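Please read the structure below before turning to the comments.
FYI, it's all coordinate maths here, none of it is from the lab. None of the values given here were measured: they were computed from a predicted structure. Backbone-built Cβ (ideal geometry, glycine too); neighbour counts: all protein chains shown.
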Amino acid sequence: MAQTYSGVRESKPGRVNDYGGESIKTAEAFKKGCLKRADRSFAQGLQCQQINSMSALMSLEDAVFIAHSPQGCVGCTSLAVDMYRVGQAHRGVKHIKNPHIIVTNLDQKSVIFGGENKLRDSVNLAIERYNPKLIFVFASCASGIIGDDIDAICSDIQKEVEALIIPIHCEGFKSKICASGFDAAFISIQKYILKDTKLPKDENLVNLFAPVSISYADQVEMERMLGLLGIKTNYIPFYSNLEKIKQIPAAAASTSICKVFADEFMKTLEEKYDIPYSHTVMPIGIRNTDKWFRGIAKVMGKEKEAEEIIAREHERVQPLVDKIKARLQGKRVFICGGTGRSFAAAALIDDFGMKLVGLETPTYDDDAQVDIEYLNGIHGDYVVDIANMQPFEQVNLVKKLKPDVFIGVPEWAAKLGIPTTHVLDMKRPTMGYDGLIFLGNKIADQLSNPGFNVKLSKHVRLPYKDSWYDEDAFKYIVGGEENV
Amino acid sequence: MSEILENPRGGCVLAGINSVLGAIYRVCPILHSGPGCCMQTCAAEQGQSGNKSSAFVSSVSIPSTNMLEREVVFGGIKKLKTTIQGAIDIMDADAFFVLTGCTAGIIGDDIVSAVSEYQDKGYKVYPIETPGFAGDSNLGYEVIWNAFIDQVIKKDVPRDEKLVNIFGIVPYHDPFWSGNLEEISRILRGLGLKVNTFFTEHQGIETIENCSGAALNIIVNPWLFGGPAKKFEEKFGVPSIRYPGLPIGATDTGRFVRQVAEALKLDEKLVNDFLEKEEDYVYSYLAQSIGALSWKRFAVVGDSASAVGITRYLANDYSFTPKLVIISEPVFGQSNKERIEKEITDLEYAVPPKVVFTADQFEINRTLAEEEDITLIVGSSNEREAASLKGVQCIAATFPLKDRLIFNRAIAGYRGSLTLTEDLYDNL
């Protein structure tokens, strides 16, 4: 086996998080190994990996989530909590529950004397209150820097208790790439729950890994599609439980809804449990949905059936897609999103005959190269901004490129008066053949009725100086001098 | 000393400071912190405050050093300086505040000297040491005002006898802060006063710089802002009065108005005429829907200011029956707790409700579950679960509010009490 993966995404060679340039040159440079790691001398805030670790697991039943941190580090759970509640409503749950999040509330004293006692007390409290099956302990910047050994503390507590105590190393300062937090969560699931225990195979069972950002409508669509192939789905870890996680090794294959979710974990599952996997794209748009579906069908030896289904689905949705295409053909698009969504959206717009002028995505690596080359083939040159949000760069580019529509977090482009729409709608359909139609209509409607943004832009200013828009958007990207 | 908490309400000290800065027009925080603190602090407060957030900068638009392992080991001052320089170059802000997260706090980066370089060049950049582990967002509210008093507010501003400063309503930590401040301003202007809310009508850093010229500080909160108020008086000679809660409805708002009038020795006729007009306004509406709301035995769960205001309004003015009040924020100091308890239990006609202090969701749920008689819970979005299990009405009207959109809706004052009453209508 290769060297154990640390969970820090930067540890993979060739991965770049700070870069900006023209797409064709970028792809060439990456191919030649000339795209070097850089940094931003000025940047705006990022999403830390702890946010991802917590959100990935927050909907598990019978679990308590302990943040070994000051109170502030559970701030972003407000988003996951909302998703958990809305998800229950969508699933018809009558009494909608809050997840149980306990913060050890590290303070001045803990910073000096360590937070071990607070962690022990929190675990005891969790057991006393809920007697849960799972207790996750999330590290933080503070717990990491003061040197609390959460592994040792958890393993010591574990001797006395029945609940599984699972420490997760998601210290924020360890990674610039928030998706590292997903890896940290899965590494702990393997280490503390699965523990190399092999199970008899269920030849029809597929692990479908889904993060918090997948709507129930999308879950239903994914399960419907896999169902057409006669596949049973183990939908994890979102809205699942310990039993479903323990079933992971019994699956015949694995796939994921998101490119950066469980991708490393699926490799581990192959190595340790002989579970083959399909790692393709996010199933948004016809091309990507086909690709995603073919990927898992191939691993399951159901390629022929898949082709028949794809043909049938195309026949069903193509007329609807054509109608939307007639409204969107030739429109120029700027896209900003997470790794999975940005590339998926970029592929999607081709279904509607739109033209890509700018793409913002958090990470450039081998995986991204495949997509960029594909997009270069369709759209020719466009601007690539390797950034996790960084709205100051985004608005600079958007103002210069003047796209007809912006796809991504709408907050900033909207203030420039550009029609905006989003492919990260965690509560409504986005994926598969059905999601495509919903999404296409959404884009077309928002593009044809842009009044809100147009009027907003006349009254609201973005927080940047006028002079900023005349500067090079990538002015603050430093280092990696060999970059083109 | 911070307690272990289940589902804590709001963020750390840094989050509280960010909320205040986010509510001031054209002010830009710069975070010297780990990569997630911008998002975490905003999601903790703004993100749970009725789904609106600072339009200037918030979350991932806040400049940040995003400290990684390298900065943890070697220090992050170099990164901080290029970040401050970048912010000055491109952000169209009137003032910048450099704040520290846990990471910078623990490794001990000297932000004061780093910032002084830019101050020497004439930029309005202020350092505040604010590691998250120092406390919660309430503390953040006091820390930022102490910093304003120490570093920003000017001395020797000419006194304006008609000018008052409003403190104690914490932006975003009160989801109705905007509307509440607007209503309180409207009331005070009705008395002929000029009002610094600091957070509405695009009041900016200039308002803060010159607020030492006020005749009176009015603290609208049962316990926050004691320290800063003392410091404010010592440094600038501006006295403070405290209205111990959020004034909601005709009775309490009248009490609030009289307290202000007395402190400023306002003309009695002016005050009485104003009260008469406002009370007539409220009662002309209440008279139109008598009996529309069924009688309720209620529990309130919220921060002390909201809990005091809501309980007193529903009990004194609306004749609902108060049974239980849970103060869901950590309150420090026995005298503070006593003041809160007194406000809640000193009612006109109603039998005083039970008062419980706990910020822990498990304890809150358990206390609610044990209270058999209630038919209404006025709480946060977190209380929907307990209300659902009990099968009683639930109005989400305190922090955190995640399942409502709140712009300028008020629950304070005269008009706010009518909106709150509208929200109580259930048609069940």
Suppose every K and R has +1 on its Cβ and every D and E has -1 on its Cβ; what is the size of the dipole of segment A:256-345 about the Cα centre, in Debye to the nearest 20?
640 debye
Return one number: the angle in degrees, 0 to 90 and rounded to the nearest 10, between the long axis of the Cα atoms of helix A:339-351 and the longest principal axis of the Cα atoms of chain A.
30 degrees
Could you tell me the relative contact order of chain A? Use alpha-carbon pairs under 8 Å, at least six residues apart, and round to a whole percent.
20 percent
Loop-only chymotrypsin sites (Phe, Trp or Tyr not before Pro) in segment B:337-387, please: DSSP not H, G, I, E or B, and at most 12 other Cβ atoms within 10 Å.
B:Tyr349
Please get the size of the charge dipole for segment B:314-428, origin at its Cα centre, with Cβ charges of +1 on Lys and Arg and -1 on Asp and Glu, quoted in debye to the nearest 20.
300 debye
Three semi-axes of the equivalent ellipsoid, segment A:376-429, Cα gyration tensor, whole Å, largest first:
19, 16, 12
Å³ per residue enclosed by the Cα convex hull of segment A:202-305:
89 Å³
Give A:Lys36/A:Lys174; A:Lys331/B:Lys52; A:Lys31/A:Lys442; A:Lys36/B:Lys78; A:Lys174/A:Lys195 a once-over and call out the pairs whose C-alpha atoms are over 29 Å from each other.
A:Lys331/B:Lys52; A:Lys31/A:Lys442
Explain nothing, just compute: Karplus ³J(HN,Hα) = 6.51 cos²θ - 1.76 cosθ + 1.60, θ = phi - 60°, for every residue of segment A:50-58 in order, whole Hz, x for Gly and Pro.
5, 4, 6, 4, 5, 5, 5, 10, 4
On average over all directions, what projected area in square nanometres does segment A:190-245 have, based on the convex hull of its Cα atoms?
4.3 nm²
Take the alpha carbon atoms of segment B:344-366, find their center, do the same for segment A:170-186, and report the distance between the two centers in whole angstrom.
41 Å
Under the classification rounded if a/c is under 1.5, otherwise prolate if a/b is larger than b/c and oblate if not, where does segment B:290-423 fall, given a ≥ b ≥ c as square roots of the Cα gyration tensor eigenvalues?
rounded
Are there trypsin sites (Lys or Arg not before Pro) in segment B:205-283 that DSSP marks as loop and that have at most 13 other Cβ atoms within 10 Å, and which are they?
B:Lys265
Using DSSP to call loops (not H, G, I, E or B), can you name the GluC sites (Glu not before Pro) in segment B:285-369 whose Cβ has at most 12 other Cβ atoms within 10 angstrom?
B:Glu348
Once normalised by the length of segment A:202-305, the mean sequence separation of its alpha carbon contacts under 8 Å that are 6 or more apart gives a contact order in percent of 27 percent
Can you flag which of A:Lys427/A:Lys455; A:Lys94/A:Lys244; A:Lys201/A:Lys427 are past 24 Å Cα-Cα?
A:Lys427/A:Lys455; A:Lys201/A:Lys427
Can you put B:Ser185, A:Ser457, A:Ser110, B:Ser284 in order, fewest other beta carbons within 10 Å first?
B:Ser284, A:Ser457, B:Ser185, A:Ser110
Which entries of A:Lys198/A:Lys291; A:Lys198/A:Lys232; A:Lys415/B:Lys154 show an alpha-carbon separation above 23 angstrom in the structure shown?
A:Lys198/A:Lys291; A:Lys415/B:Lys154
With the cut-off at 1.5 for a/c, could you classify chain B from its C-alpha gyration tensor as rounded, prolate or oblate?
oblate
Tell me, what is the percent relative contact order of chain B, built from C-alpha pairs under 8 Å that lie six or more residues apart?
18 percent
Kirkwood radius from Cα pairs of segment A:49-175 plugged into Stokes-Einstein at 37 °C, 0.692 mPa s, gives D in µm²/s equal to 222 µm²/s
What average count of beta carbons from other chains do you get within 10 Å of the Cβ of residues in B:77-88?
3
How big is the gap, in Å, between the Cα center of segment B:134-154 and the Cα center of segment A:330-347?
42 Å
Convert each backbone phi in segment A:422-433 into a coupling constant with the Karplus relation 6.51 cos²θ - 1.76 cosθ + 1.60 (shift: θ = phi - 60°), then list the ³J(HN,Hα) values in order as whole Hz, x for Gly and Pro.
10, 9, 9, 10, 7, 10, 10, x, 9, 10, x, 5
A correct Karplus calculation of ³J(HN,Hα) over segment B:326-343, with 6.51 cos²θ - 1.76 cosθ + 1.60, θ = phi - 60°, whole Hz and x for Gly and Pro, returns 10, 8, 9, 10, x, 10, 9, x, 4, 5, 5, 4, 5, 4, 5, 4, 4, 4
CD proxy, 222 nm, the protein assembly as shown: helix-only mean residue ellipticity via -39,500 (n - 2.57) per DSSP H run with n ≥ 4, per residue, nearest 500, stands at -13000 deg cm²/dmol
Taking the Cβ of each residue in B:Thr421, B:Thr253 as the centre, tally the other Cβ atoms inside 10 Å and list the residues starting with the fewest.
B:Thr421, B:Thr253
If each residue's Cβ is checked for other Cβ atoms within 10 Å, how do B:Cys394, A:Cys154, B:Cys12, B:Cys102 rank with the fewest at the top?
B:Cys394, A:Cys154, B:Cys102, B:Cys12
